[in-house]
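The values are calculated or read from the model by the stated rules, or taken from the named source; none is laboratory data. Since the structure is predicted, the reported quantities are computational estimates derived from the model, not experimental observations. Virtual Cβ from ideal backbone geometry, glycine too; neighbours counted across all protein chains shown. Protein only, heavy atoms only, side chains kept; ligands, DNA and RNA dropped before computing areas. Shrake-Rupley method; radii C 1.70, N 1.55, O 1.52, S 1.80 Å.
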Amino acid sequence: MTNPVTSLVIFGIVVFLLFLIFYPKNGIYWRVKRSLEDDTKTLIEDILKKLYHAEDNGNNLNSNDIINSLNSNPKKVLETIAEMKNKELISFENGDIRLNELGMDYALRIIRVHRLWEKYLSEKTGFDKKDWHEIAEKMEHQIDSNQAKELAIDLGNPRFDPHGDPIPTETGEIEPINGKPLPAFSEGTIGRIIHIEDEPEIIYKQILAEDLHIGSHVHIIENNKKRIIFHSEGEEFILAPIVANNLTISELQKEDISEEAIFRLSNLKENEQAKIIGISRECRGETRRRLLDLGFVINTKIEVDLISPMRNPRAYLVRDTSIAIRNEQAKFILIEKIKNHAKSNI
Amino acid sequence: MKTNKILNTSNDLRWQIGEGFHDKLTEGIYSDAATIAQNSVQKKGDEKRFRFDRSLDKIVTSKIWGFPIMILILSVVLWLTIIGANYPSGLLADLLIGTVYPWLKSIGESLGFSWWLSGFLFDGVYLALAWVIAVMLPPMAIFFPLFTLLEDFGYLPRVAFNLDHLLKKSGAHGKQALTMSMGFGCNAAGVIATRIIDSPRERLIAIITNNFSLCNGRWPTQILIASIFIGALVPENFAGAVSTLAVISIALLGIFFTFMVSLFLSKTMLKGEVSSFTLELPPYRPPRFWKTIYTSLIDRTLIVLWRACVFAAPAGAVIWLISNIAIGDSNIANWLIVHLDGFGLLLGLNGVILLAYIVAIPANEIVIPTILMLTVMTASITGVGSGDGVMFELESVSATGDILKAGGWTLLTAINLMLFSLLHNPCSTTIYTIYKETKSIKWTTVASILPIILGFIVCFIVAQVWRIMV
Amino acid sequence: MQKVTSSACEGCDLNKASNLKKLGINIDNNNYVVALAGNPNTGKSTVFNALTGLKQHTGNWPGKTVTRAEGGYSYNDKKYKLVDLPGTYSLLSTSQDEEVARNFILFGKPDVTIIVVDASRLERNLNLVLQILEITDKAVLCLNLMDEAKRLQIDIDDRTLARDLGIPVVPTSARSKEGIPELLQTVHQVATGEIKCKPHRIKNIPKNINNAIEKLRLEIETEYPNVPNSRWIALRLLDGDERIIEAVKTGEFITE
């Protein structure tokens, strides 16, 4: 029989090797696969996207900026830029690279696929919000315009992606976002979140951790260089300006809304009664449909029925039936509390 | 091309309406419903729900009583099943194996069956069937009706409600608590029960991990091996308690693996599957006792038993054949055992056990009889058993232990057998059921392969560490 | 068994039989096919058992019956095949059991659909009822669990309800078999055409959506004049229901 120590060591080595090879993202297998796939087409498309976003923000990029912002071999990048110039996708202006009309069309096509795919992921799959961007980054190079068209039809020709970014049409038209970054508004403003930027990832993760929802109303309480405080759906949020900058807000007319009355269902206490005023746009796909089908629709009276031993999930009495949902879902259901003194005595 | 015209119009209109069509439609339907209901419904009572319902709900979902009540009920159900099944199982075994079997053999003889025909039919096919029925029928006939009574009363949704938070941590659904409990009865039934989980991702998790619930077919194996090898480690007074504890630990280990594997699956393979959670807590309704018992026997017990029999009969034939078809100066079984032995020993098991698990895929119930028969055959023990290919079990636990020890079993073999009995591929009935429920070869394969790989790894590590330490 | 087709309607019966066969239902010698639909926890399976005398298990769980159960009974010398559909809250989503129920009512075209509702929670149950009434106009409402409603002191005026919904309403307590004879009779009357239904159509839909539905409905009707539930198909197309889009492509729902 083999010596137990030897066999354990061999086993350990095999596990370690498998780990090295298949470790998510950085394993040897994935790297080799990526380097084999990393062809010129992907690189061209990535450069076009960089240029588009820079121009959209009013910045100019030169070849060095592009080399620095991409994770590829500099020599390859320079070669690719030269090739793009030959194909008349781009031109040089005082050392800066500009998109030609052809390049602009191409860039919009890629962005269209990216945003459509994010929309698809949000509506039809169970992938987590934080994974959408990365998956869409891969898919945008793999889908041609015919497939994109079919995808768009399947999704009902959406105009916006789940972050609130407009999806370019087939002909390359793109709707503008009518809003400004959150820090640009003064204290006391009431507005609505219309866009949440998902890049860079570090800041996006902070926004996700705060659990801010697109479409939510916000009431700015404090706004200075150090921090921004605002109220939204019965909760208070404190953000650093750099994080708040990635939230786009459109101002609401004062008479449009009585913002103070909106709460999330997760805030409803026992013995309180409320009326549903809607489901957040952040709640999508099958989950949203299921909630609607179960009667979580506008103007429905609702109260807490039972709380599970670990306080989550909670069961609510909706249309004479006790339905349990998790607090994570209850956050998406917006309510207006009904003041009822007689009830609070029970 | 007229259909295209319709589809084109609908696509254009969808673009014009924008999002929120589904919302608006549902709101419309519900507001129609409200108008109609207002016209015809008159509520005199002020009570929204029965007083009894509410107070009972407050207790069974309360912070203090929620969990103890649940554990108590599950323990009572399992205890009734294991203890209650002992006696009828013995009776059935006496009848089918002690009485009917010799009778069949003698009929065969009087009809002039050749030895191989009688061996194949009675020693192979019949014995396997008899064993499966004797071991499987009584516990299921107790477990399923009890479970169904709880289900009909309406208690089970409350269990899902209580446990959801714990299960959510590993990416699973509260209702998985119930499919797991059902799995303690029978994994195939547990897999069918996952139909109650309406979220696709969580349902797949529940299906794939159901095998980690120690089923009725495996409890007897665990109890037997634990009392032979582990109970013997301590003074006789404590033997019973210690071996019971060992079996419970294995069951708990199964629950631990359920959580770990659920977590692993939800983070990797099942990441993109759609997931949604809602749970209706229906009003309590008194179950109609006899009707429930009758229907659960028909619906669950007999269907599962039938499927098991369909798979067990050919397995019995295979067991008999490999022990009786000669190659060279030995038979197939011996040849296989010799070749499997090296790998078996590496895992702290042996060739006999591996072969027994291969041929006993149809039902865990026949693993022990197969192991005993093969051990006697390979170790050339005389005086016990009834010949090659004839499965048997012994009345006396210590005699069984003697055979196994003569076959080279140590404490390590026993512990690893208990682990392997928990962590190996589902029985073929369950595999078939998984395929029926998922309609996917991919998930069926994952559900079948994953536990056995885990079993190999766990047994291997335990064996090596054991050999270093001891 | 095969007779020479003497009228146009014989042909349509054959066509329907083949459509049902595709859904796994063999109508054999039955005169009528009846579907049993309803929310979970409304005692639907109890009604099924009361009608057929079969002993199907009735769990107190949403979504117990994922596969369809079938049974049969005779009434007034006519043979009925009863198909128990999975209990669902709605027919608008894409879950497996909802699809089974929806496809059966839409493509299987049962002669009568019995919709079982919980009398004590009528308003919530009407969501499904109104959706079914968009698909089929031969339906009977089985107002079940009347005993429970009585205990909760809920009074239901079943005549008003029948008038509002445009279909016959039968109050029952299936556990004690109360109302089952009346249900059998009403189903018979609807199946034979003695009672004509004029089902309620969903009204509270925003104008822009309603206009879109009407536009699409007209288009479907001009192309396929015989489709009885063009409005429902329009609704589903606008919601992007892949199964219905597929059915429009293949022309599956046109089986007249």
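Annotations
- Of the trypsin sites (Lys or Arg not before Pro) found in the stretch B:247-341, those that fall in a DSSP loop while having at most 15 other beta-carbon atoms within 10 Å are B:Arg288.
- Loop-located trypsin sites (Lys or Arg not before Pro) across the stretch B:139-231 with a Cβ neighbour count of 13 or fewer within 10 Å are B:Lys169, with loop assigned by DSSP.
- Square roots of 5 times each gyration tensor eigenvalue, C-alpha, chain B, largest first, Å: 47, 26, 24
- Counted by Cβ distance under 13 Å from A:Asn59, the other residues give a net charge of -2, where Lys and Arg count +1 and Asp and Glu count -1.
- Here the mean projected area of the convex hull built on the C-alpha positions of the stretch B:399-438 is 3.7 nm².
- Principal axis extents of the Cα atoms in the stretch A:192-346, from largest to smallest and rounded to whole angstrom, are 48, 33, 29.
- Inter-part distance, the stretch C:140-181 to the stretch B:213-263, computed on C-alpha centroids, equals 53 Å.
- Loop-located GluC sites (Glu not before Pro) in the stretch C:184-236 (DSSP state other than H, G, I, E, B) with a sparse environment of at most 15 neighbouring Cβ atoms within 10 Å: C:Glu194.
- Accessible surface of B:Val41 - all protein chains present, 1.4 Å probe, nearest 10 Å²: 40
- Over the stretch A:88-166, the fraction of Cα-Cα pairs per 10 Å bin, rounded to whole percents and listed from the shortest bin up, is 18, 44, 24, 12, 2.
- A Stokes-Einstein calculation at 4 °C with viscosity 1.567 mPa s, built on the Kirkwood radius of the stretch B:30-128 over Cα pairs, returns a diffusion coefficient of 64 µm²/s.
- With all protein chains in place and ligands, DNA and RNA left out, the 1.4 Å accessible area ranks A:Asp305, C:Asp147 as C:Asp147, A:Asp305, largest first.
- Pairwise inverse Cα distances across the stretch A:262-338, averaged and inverted, put the Kirkwood hydrodynamic radius at 12.1 Å.
- In Å², nearest 10: area of C:Ser45 left accessible to a 1.4 Å probe: 10
- Leaving ligands and nucleic acids aside, the A/B contact buries around 4800 square angstrom of accessible area in total at a 1.4 Å probe radius.
- For the stretch B:391-470, the normalised intensity computed at q = 0.18, 0.19, 0.22 Å⁻¹ comes to -0.85, -0.89, -0.97 (log10 of I(q)/I(0), Debye sum over alpha carbons, equal scatterers, no solvent).
- Normalised convex hull volume, the stretch B:90-243, alpha-carbon set, Å³ per residue: 184
- Over the stretch A:180-256: Kirkwood hydrodynamic radius from C-alpha pairwise inverse distances, Å: 12.2
- Quotient of C-alpha Rg and 2.2 N^0.38 Å, computed over the stretch C:181-227: 1.73
- Rg(Cα)/(2.2 N^0.38 Å) for chain A, N = residue count: 1.23
- The Rg/Rh ratio for the stretch A:211-303 is 1.00, where Rg is the radius of gyration of the alpha carbons and Rh is the Kirkwood radius.
- Accessible surface buried once C binds B (1.4 Å probe; total of both sides; Å²): 6000
- Averaging over all projection directions, the Cα-based convex hull of the stretch C:61-206 occupies 9.4 nm² in the image plane.
- Per-residue ³J(HN,Hα) for the stretch A:113-128, Karplus 6.51 cos²θ - 1.76 cosθ + 1.60, θ = phi - 60°, Hz, x for Gly and Pro: 4, 4, 6, 4, 5, 4, 4, 4, 4, 6, 8, 10, 10, x, 5, 6
- Distance distribution P(r), the stretch A:1-105, all Cα-Cα pairs, bin width 10 angstrom from 0: 13, 34, 19, 14, 9, 7, 4, 0 percent.
- Relative to the Cα centre, the charge distribution of the stretch A:21-174, modelled as +1 at Lys and Arg Cβ and -1 at Asp and Glu Cβ, gives a dipole magnitude of about 500 debye.
- Of all DSSP bridge pairs formed entirely within the protein assembly as shown, close to 75 percent run antiparallel.
- The value given for the stretch C:133-189 is a Kirkwood hydrodynamic radius of 12.0 Å, derived from the mean inverse Cα-Cα separation.
- For the protein assembly as shown, the convex hull drawn through the C-alpha positions has a volume of 238 cubic angstrom per residue.
- Two-decimal Rg to Rh for the stretch B:265-402 - Kirkwood Rh, Cα set: 1.18
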